[in-house]
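First comes the structure, then the notes that go with it.
The values are calculated or read from the model by the stated rules, or taken from the named source; none is laboratory data. Predicted, not measured: the structure shown is a model, and the values here were computed from it. All Cβ positions, glycine included, derive from the backbone under ideal geometry; neighbour counts span all protein chains shown.
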């Protein structure tokens, strides 16, 4: 237990250093057990195969060594008030190694495999102090539907919270370290047959839009929060349609996600590949409007 807590605290500190623009912590040189291979989409989300293009991220666009950096004018409710800020969404191909399950520094290793990384970052001002959120999602490159790995952290003056979700091949394991009473540090097992709400801005890009699919799917609720409550699952209905021209600045697809009778999210994706997220509205006020988009190596100083 002591090692578990120390690991989570170290991860949270490293995340905070990254957000502050400092150098990230170096991994320990210890031997680690390789993670289990992700189960194929057809094995655990079989009913979704006909609606998604598993080769979506195999396009040569992602081979240029650059990242897609999308910046949005954003809104989110904090302390019962709609806050306005910039939201950054980064999508890039990386090479993981299986031993440490992170981006590799040695491309000659035999356990290297490609993933798509999606980083979501924002700084939200309030009257008293700012909120910072950073979520990193990872997908096997040939599997844009099932989540492979997720880490998310929040920092504000009351404390910091860190959550991680990994796929052990049979279920998702979530570890967490929260400053909230009744939560603290712990681990829980999550359902394996779900899509994560945090992942939808990426996963929905791989829809077979032309077929205008309509289907039901289980959704695990948003993890980019300051708390580590047990997740809520929704039996959601997804409906794809052509977006009215007034809805978006270019031809777009409209994806409606009905979580339940009262809760609806809507996403607009460009018709042209790579089907960039142009706009988003959600039942709880997390709204996005694309402000700028470019491809570049953001890590080069």
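Can you name every residue in region 231-246 that is closer than 30 Å to residue 291 by Cα and either in contact with a strand residue (DSSP E or B) (Cβ under 6 Å, 6 or more places away or on another chain) or in contact (Cβ under 8 Å) with a residue 60 or more places away in the chain (or both)?
Answer for region 231-246, where residues must be closer than 30 Å to residue 291 by Cα and either in contact with a strand residue (DSSP E or B) (Cβ under 6 Å, 6 or more places away or on another chain) or in contact (Cβ under 8 Å) with a residue 60 or more places away in the chain (or both): 236, 237, 238, 239, 240, 241, 243.
Within region 178-192, is there a residue that is in contact with a helix residue (DSSP H, G or I) (Cβ under 9 Å, 6 or more places away or on another chain), more than 20 Å from residue 162 (Cα to Cα) and surrounded by fewer than 21 Cβ atoms within 10 Å (Cβ to Cβ)?
yes
Could you check region 46-86 and list, in sequence order, the residues that are part of a loop (DSSP other than H, G, I, E, B), out of contact with any helix residue (DSSP H, G or I) (no Cβ under 6 Å at 6 or more places or on another chain) and closer than 30 Å to residue 285 by Cα?
Correct list: 79, 80.
Just checking, does region 177-188 include any residue being modelled with pLDDT of 95 or more and closer than 20 Å to residue 118 by Cβ?
No; the residues of region 177-188 include none that is modelled with pLDDT of 95 or more and closer than 20 Å to residue 118 by Cβ.
From the list 207, 195, pick out the single residue that is under 26 Å from residue 55 (Cα atoms) and within 13 Å of the chain's Cα centre (by Cα).
The conditions single out 195.
Taking region 280-301 as the region of interest, how many residues are over 23 Å from residue 93 (Cα atoms) and without any contact (Cβ under 8 Å) to a residue 60 or more places away in the chain?
3
Only one residue in 138, 85 is within 22 Å of residue 300 (Cα to Cα) and touching a residue at least 12 places away in the same chain (Cβ under 8 Å). Which one?
138
Looking at (1) under 18 Å from the mean Cα position of the chain (by Cα); (2) touching a residue at least 40 places away in the same chain (Cβ under 8 Å); (3) on the phi < 0 side of the Ramachandran plot; (4) surrounded by 13 or more Cβ atoms within 10 Å (Cβ to Cβ), which is the only condition residue 275 fails?
Result: residue 275 passes all but (3).
Here is a yes/no grid of residues against (1) farther than 23 Å from residue 253 by Cβ; (2) surrounded by 15 or more Cβ atoms within 10 Å (Cβ to Cβ); (3) in contact (Cβ under 8 Å) with a residue 40 or more places away in the chain:
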residue	(1), (2), (3)
203	no, yes, yes
210	no, no, no
223	yes, yes, yes
227	yes, no, yes
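Results for (1) more than 30 Å from residue 188 (Cα to Cα); (2) buried (at least 18 other Cβ atoms within 10 Å of the Cβ), shown as yes or no for each residue.
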{"position": "218", "(1), (2)": "no, no"}
{"position": "240", "(1), (2)": "yes, yes"}
{"position": "249", "(1), (2)": "yes, no"}
{"position": "253", "(1), (2)": "yes, yes"}
{"position": "258", "(1), (2)": "no, yes"}
{"position": "270", "(1), (2)": "yes, yes"}
{"position": "279", "(1), (2)": "yes, yes"}
{"position": "293", "(1), (2)": "yes, no"}
{"position": "296", "(1), (2)": "yes, no"}
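Please state which of the following conditions residue 105 fails to meet, knowing it meets all the rest: (1) over 21 Å from residue 297 (Cβ atoms); (2) part of a loop (DSSP other than H, G, I, E, B); (3) modelled with pLDDT of 95 or more.
(1)
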